Structure formats: structure tokens, C-alpha cells
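Derivation of every value follows stated rules applied to the coordinates shown; laboratory data play no part. Remember, predicted model here, so these are calculated numbers, not experimental data. Methodologically, a virtual Cβ is constructed for each residue, glycine included, from the backbone with ideal geometry; neighbour enumeration extends over all protein chains shown.
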């Protein structure tokens, strides 16, 4: 007689084997989920009886305004918090009332997380950042050394194994975060505003990568407030005031055909680390390189000079009047010359004041 699984991990493994190929058991199923927070003496109802099923290979976008409950819902299905009432099942196994240790096991083995802030260890290489979940899982070093580089290659960063986060662009850091989420072969990938800190071009690359992973069989739940980002998903669920107000398929999922592979796209925008450039400097450098600049700026009829072009604008900026334009260089020059004498005068005044105070105190004593 077969024994029933005795641990959450064993139960999920049993359900995963049973559900493989069938698609009849939802990857996650919530019923009448509620969450109430106490703020002082006030009850805040973040979720009000939410019910939802997500099946294998689905790509679901959770949308809603701030305070709608979407982030609370993400915390609950990510086993980062527990509901006040209701039931949450992961592959048919109830996880609503597990202990903290059991929830930690579920998060490590079956869930992958991608956040808006990349949450990478700043002094660790990309390879070591990715291997961290494997270390927590007790995976032997030989297996970690095999799986971590493979995860980086999957997101197009196979040549960036030994780069630290400060040596990577924002898009590359998010790719490392995605690889870290994938290294344990999760049952479900949870992405909370994964493009919130990225520019529009890099956001497209990240969403295209998530689409590719979904086509390979990964189930994804994405939280976003941007409609153009949600358009990459297969299904849109909208929250309002702690309730689901709409749940509809996306008829035509947005898909961008990139001329080159993600690896080539990153290499074009790649900036090699020079003199320990910070992450902010690297992001500025990579942004400037990808912005199309006009080949021949127009010449101003009034001054006969080329107008200044802003780094993040396609159209050139024009001075308000020729007079103001001609005065600007001299004003800047005057400021640079006058700062040094002022600093010297200020230092002299401070010294004289200290001498006067010292004499005064000596006289009093």
C-alpha cells in the first residue's frame, strides 16, 4: 500500500508528476482569498474574496491601480505572506496555512521571483548571484557549477559570468535576476513590475525574453500597471479595491520581432567596465548609445550656429533668443572665476572669527 506524501515538497512533487501532460490541475488556485491588515485600530481590507485559477504554460498579467490589491495578491501566491481567510493551492496542494519553514521550502524549490529592483549582491559576480538559490537548496558544488552558467546562457549573458552588477547595464542586471529565478527550474515564475526600472527599449527586450520562456513551457504571473507591458501576456486580470473586476484573454498578444537575438542586442548596447564605472554611469552610457541621433543637425538662421541636441530627445533644442544664446558662455565663465575668491574670503573670515573668539575667552579667564 502506497504511503501518502508527508511533506509539502513531496506532496507537490507527487502532484506535479500526476499533472504532467494533463493540464487539468491548475498550477495555482485561490478561492475566496482575503487579507486584512491592522493599521492602529483600523482594519484595511487589501483583498476581498479573490478567486482565480492559473494553468500550466499560461502568461497572466495582473493589473490595477495603486491600492487595488495586486501586490498583496502577489505576496500571497508567492508564499511571502499568509491570507486572513480563504484557500490557496499550488498544484492541488494547500499552502494557505503552512509553517514559515514549509513556505520557505516551497519558495526555494517551486517559485521563481523577479522584482522591480534587481536585488543582486553588489560584490558578487553574476555567476555567484545565480548560484545562491542552489546553495540554499543544498545542491552540490559540481551541480551548481553546471547549472548556473547554463541559466546565464539561457538569458543571453553567457559571456558575463564574472561581471559584478556595477559592470552590467540595467537590462543585463534584470537578465541576471531572471536567470537566478530560473536556476531551480521553478514551477511558477512571479514577476513584480520587472520593467519598472528600465527604459522602453530594454523593457521590450525583457518582455520578449519572458515571452520566449513562456513559449518553452514556463508559467508566468506578471504584475504591472502598464498596459503596453501587459499586452505581452496571454491573459489580463484586473484588480480594483481588493476584488477582481475583469479576467479576459488577450486576443492578440504583443510580440516584437527583433532583428537579432537577445545576445546580439545586448552586445550592441554593452559597455565594458572602465575605471570601475558605477551602475548609474553605465546605465547612462548604454542609454546614450542606443538613442538615435540626427545625422546632420539643422543650422539656425538667426545665429548661423548648430542648435544643441538633448541626449534623450530626437528634436534639437533651440535657444529662446539669439541674445540669450550669446550671453550664456560669458555667464558660465564669470561664475567659474568668481567662486574661488569667495571661498578664500570665507575661509579668511572663519579664521579671523576663531582668533577673535580665542582672545575673548583668554581675556575672560
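Looking at (1) assigned to a loop (DSSP other than H, G, I, E, B); (2) touching a residue at least 12 places away in the same chain (Cβ under 8 Å); (3) closer than 30 Å to residue 89 by Cα, find the lone condition where residue 158 falls short.
(3)
Just one of the numbered conditions (1) free of Cβ contacts under 8 Å to residues at least 40 places away in the same chain; (2) under 13 Å from residue 116 (Cα atoms) is not true of residue 194; which one?
So residue 194 meets the others, but not (1).
Condition check ((1) surrounded by fewer than 24 Cβ atoms within 10 Å (Cβ to Cβ); (2) in contact with a helix residue (DSSP H, G or I) (Cβ under 8 Å, 6 or more places away or on another chain); (3) under 27 Å from residue 193 (Cβ atoms)) across all residues:
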{"residue": "139", "(1), (2), (3)": "yes, yes, no"}
{"residue": "144", "(1), (2), (3)": "yes, yes, no"}
{"residue": "153", "(1), (2), (3)": "yes, no, yes"}
{"residue": "156", "(1), (2), (3)": "yes, yes, yes"}
{"residue": "160", "(1), (2), (3)": "yes, yes, yes"}
{"residue": "170", "(1), (2), (3)": "yes, yes, yes"}
{"residue": "174", "(1), (2), (3)": "no, yes, yes"}
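Given the residues 88, 55, 37, 110, which is the only one that is under 27 Å from residue 211 (Cβ atoms) and out of contact with any helix residue (DSSP H, G or I) (no Cβ under 8 Å at 6 or more places or on another chain)?
55
Go through (1) over 17 Å from residue 74 (Cβ atoms); (2) buried (at least 17 other Cβ atoms within 10 Å of the Cβ); (3) over 15 Å from the mean Cα position of the chain (by Cα); (4) free of Cβ contacts under 8 Å to residues at least 60 places away in the same chain and name the single condition residue 203 misses.
For residue 203, the failing item is (3).
Could you check region 21-74 and list, in sequence order, the residues that are assigned to a strand (DSSP E or B), under 19 Å from residue 93 (Cβ atoms) and without any contact (Cβ under 8 Å) to a residue 40 or more places away in the chain?
53
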